[in-house]
1. What's the total number of residues in the stretch 200-224 that are charged (D, E, K, R), more than 10 Å from the ligand (Cβ to nearest atom) and touching a Gly at 6+ places or on another chain (Cβ under 6 Å)?
2. I'd like the residue in the stretch 102-120 that is of a type outside the set (Lys, Arg) and over 18 Å from residue 190 (Cα atoms) and, out of all such residues, is modelled with the lowest pLDDT.
3. I'm checking my understanding of the structure. Among residues of the stretch 1-38 that are assigned to a loop (DSSP other than H, G, I, E, B) and among the β-branched types (Val, Ile, Thr), which one is nearest to residue 215 (Cα to Cα)?
4. Out of the stretch 66-77, which residues are in a loop (DSSP other than H, G, I, E, B) and touching a Gly at 6+ places or on another chain (Cβ under 7 Å)?
5. Residue under question is residue 137, and the condition is that it be within 16 Å of the ligand (Cβ to nearest atom), more than 17 Å from the chain's Cα centre (by Cα) and more than 16 Å from residue 13 (Cβ to Cβ); does it hold?
6. Restricting to the stretch 183-202, count the residues that are without any contact (Cβ under 8 Å) to a residue 24 or more places away in the chain, under 25 Å from residue 54 (Cα atoms) and over 17 Å from the mean Cα position of the chain (by Cα).
7. Confirm whether residue 80 is in a loop (DSSP other than H, G, I, E, B) and either away from the ligand (no atom under 13 Å from the Cβ) or of a type outside the set (Lys, Arg) (or both).
Amino acid sequence: MSVIEKLDHLNKHIQEICLRVNRDPSTIQIIAVTKYVDEEVTKAVLDAGVIHIGENRPENGVQKWEALHDRGVWHFIGSLQSRKVKKIIGKFDYIHSLDRLTLAEELDKRQTKKDPIKCFVQVNVSGEETKAGLEPNEVIPFIRQLENYPTIEVVGLMTMAPFFENPERTRPVFQALKVLRDEVHSLQLPFAPCTELSMGMSNDYEIAIEEGATFIRIGSAIVG
Ligand SMILES: *Cc1c(COP(=O)(O)O)cnc(C)c1O
């Protein structure tokens, strides 16, 4: 299947899921994760009408950004070392992996634009040791401290669920992230509107959409 066919299939599936759970498909943004493919395929993804592009490595991501950034909205979805911040700052529109104050400090220090940097706070809901992110109970104290970094805006929360053969098993992870998102949102912190949920990948986006995802991060189902 071509990228276009895969996207078509994905969009139809999203429509079906939305119909079933009574959601408006326009409230779900597809981030095409292009980390597996080169600039040419990334361009093909943009040509197919995708707006949001996700990359997880500063080097590869910036290389593609240099070539293609007059198109698309760019999301940095990988874990981000503080010393790599200067590579990506001012280029990526969203950062999905804010998980520590030293990173917030570096982002704040390096920011070159007047607009705030749109960040998702990454949460390790499942508690898997290999996964990045804050523990759920650390999230609210962490976000409160972000008040000290005025160029950061917490647009939402992000998680990666464990890989399960049966994606149904990811449901509690997504439900917990939504509860936490609602809790942060209800604090009404001016720097943390926290309206978005970045959750769901190729294997589990159906469950994520059912549980309220607003950004799904899809790699292999588009470019695999
Ligand atoms: C690779 C990656 C994805 C996409 O994974 P697929 O299973 O290929 O859809 C989503 N989110 C993050 C953080 C990733 O690193």
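The values are calculated or read from the model by the stated rules, or taken from the named source; none is laboratory data. If you're wondering where the values come from, they're calculated on a predicted model, not measured in any experiment. No Cβ is skipped: glycine too gets one built from the backbone with ideal geometry, and neighbour counts run over all protein chains shown. What goes into the accessible areas is simple: the full protein's heavy atoms, side chains included, and nothing from ligands, DNA or RNA. Shrake-Rupley method; radii C 1.70, N 1.55, O 1.52, S 1.80 Å.
1. Restricting attention to the stretch 200-224, the residues satisfying the condition of being charged (D, E, K, R) are 204, 206, 210-211, 217.
Checking which are more than 10 Å from the ligand (Cβ to nearest atom) leaves us with 206, 210-211.
Add one more test, that the residue is touching a Gly at 6+ places or on another chain (Cβ under 6 Å), and what stays is none.
Within the stretch 200-224, residues that are charged (D, E, K, R), more than 10 Å from the ligand (Cβ to nearest atom) and touching a Gly at 6+ places or on another chain (Cβ under 6 Å) number 0.
2. Here is the first cut: in the stretch 102-120, the residues of a type outside the set (Lys, Arg) are 102-108, 111-112, 115-117, 119-120.
In the following step, the residues that additionally are over 18 Å from residue 190 (Cα atoms) were identified as 102-103, 105-107, 111-112.
On the way: 102: 97, 103: 98, 105: 97, 106: 97, 107: 97, 111: 91, 112: 83.
In this case the residue turns out to be 112.
3. In the first step, residues of the stretch 1-38 are kept if they are assigned to a loop (DSSP other than H, G, I, E, B); the result is 1-2, 22-24, 28, 34-38.
In the following step, the residues that additionally are among the β-branched types (Val, Ile, Thr) were identified as 28, 34, 37.
Numbers: 28: 6, 34: 15, 37: 21 Å.
The qualifying residue nearest to residue 215 (Cα to Cα) is 28.
4. Kept after step one, since they are in a loop (DSSP other than H, G, I, E, B), are these residues of the stretch 66-77: 69-72, 77.
Correct list: 77 only.
5. On the way: within 16 Å of the ligand (Cβ to nearest atom): no; more than 17 Å from the chain's Cα centre (by Cα): yes; more than 16 Å from residue 13 (Cβ to Cβ): yes.
For residue 137, the condition - within 16 Å of the ligand (Cβ to nearest atom), more than 17 Å from the chain's Cα centre (by Cα) and more than 16 Å from residue 13 (Cβ to Cβ) - is not met.
6. 1
7. On the way: in a loop (DSSP other than H, G, I, E, B): yes; either away from the ligand (no atom under 13 Å from the Cβ) or of a type outside the set (Lys, Arg) (or both): yes.
So residue 80 fits the description; yes.
Here's the yes/no breakdown for (1) open to solvent by less than 60 Å² (accessible area, probe 1.4 Å); (2) within 12 Å of the ligand (Cβ to nearest atom):
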residue	(1), (2)
37	yes, yes
40	no, no
47	no, no
58	yes, no
61	yes, yes
67	yes, no
72	yes, no
75	yes, yes
